[in-house]
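Report on one structure; see the data block that follows.
The values are calculated or read from the model by the stated rules, or taken from the named source; none is laboratory data. On a predicted model such as this, the values are computed, not experimentally measured, just so you know. With ideal geometry, Cβ positions are generated from the backbone for all residues, glycine too; neighbour counts draw on all protein chains shown.
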Amino acid sequence: MRASDADREVVRSVLTDAFADGRLTREEHEERVSTLLAARTLGELPGLVDDLVVVDPAAAGTESNPDQTLSFREQGAAAYRKELQEAIATFLMVSLITWGIWLFTSAPDGHPWPIYPMLFLVVNLVGTGVRREAIVQREVNRLEKKAAKKAAKKAAQAEIESTPEVGGPILGPPTTQPEKDRRDDLF
């Protein structure tokens, strides 16, 4: 059977997710995508993704170790998906509201002005899609900094706890007896 564009798009999204998650290098991703674009039958597609296990982040954390957190790269990919979903939701909500206002106020007579806000939101939506790797990397950097701060704080706390207390309590400066009292002690 011949492969359709929709079939190729499904495989391409799996390859792109694998690249974003760090399971494929850039070269491997480019090679597989070029092979994908040249594929004509459905039989050629599974070989491109057979070695890529689709990981469900919720299941990955609970199977082997419930306390195990997702890797920084996976958390970055999740942050990208969240940002993309927010961009889509914003586009849809603003579009629906502006078209609703237009329909109830000036639909038959007026110019379809809701097109203009939609254009700006489409630019934002496309920009979010194009900046996938930058968004993932930004989240990875944020998480690495957070982990480094936490590790430094933990190391400092451990050092403080392991340092033995030296000497006794700190007292004020030594006091001297007044001159008269010293003479009395001599005689």
Response to the item:
Reported set for the range 19-58 where residues are within 19 Å of F72 (Cα to Cα), of a type in the set (A, V, I, L, M) and at pLDDT 85 or above is L24
Worksheet entry | Those residues of the range 1-29 which are more than 20 Å from the chain's Cα centre (by Cα), surrounded by 10 or more Cβ atoms within 10 Å (Cβ to Cβ) and farther than 18 Å from I135 by Cβ, in sequence order | A3, S4, D7, R8, E9, V10, V11, R12, E28
Worksheet item: Among the residues of the range 70-89, is there at least one that is at pLDDT 85 or above and exposed (fewer than 11 other Cβ atoms within 10 Å of the Cβ)?
Response: yes
Worksheet item: at pLDDT below 90, part of a helix (DSSP H, G or I) and among the small types (G, A, S) - does that describe any residue in the range 110-117?
Response: no
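Within the range 92-126, which residues are within 30 Å of D17 (Cβ to Cβ) and either surrounded by 11 or more Cβ atoms within 10 Å (Cβ to Cβ) or in contact with a Lys or Arg (Cβ under 8 Å, 6 or more places away or on another chain) (or both)?
Pass one, the range 92-126, residues within 30 Å of D17 (Cβ to Cβ): 92-96, 118-126.
Scanning the range 92-126 gives L92, M93, V94, S95, L96, M118, F120, L121, V122, N124, L125, V126.
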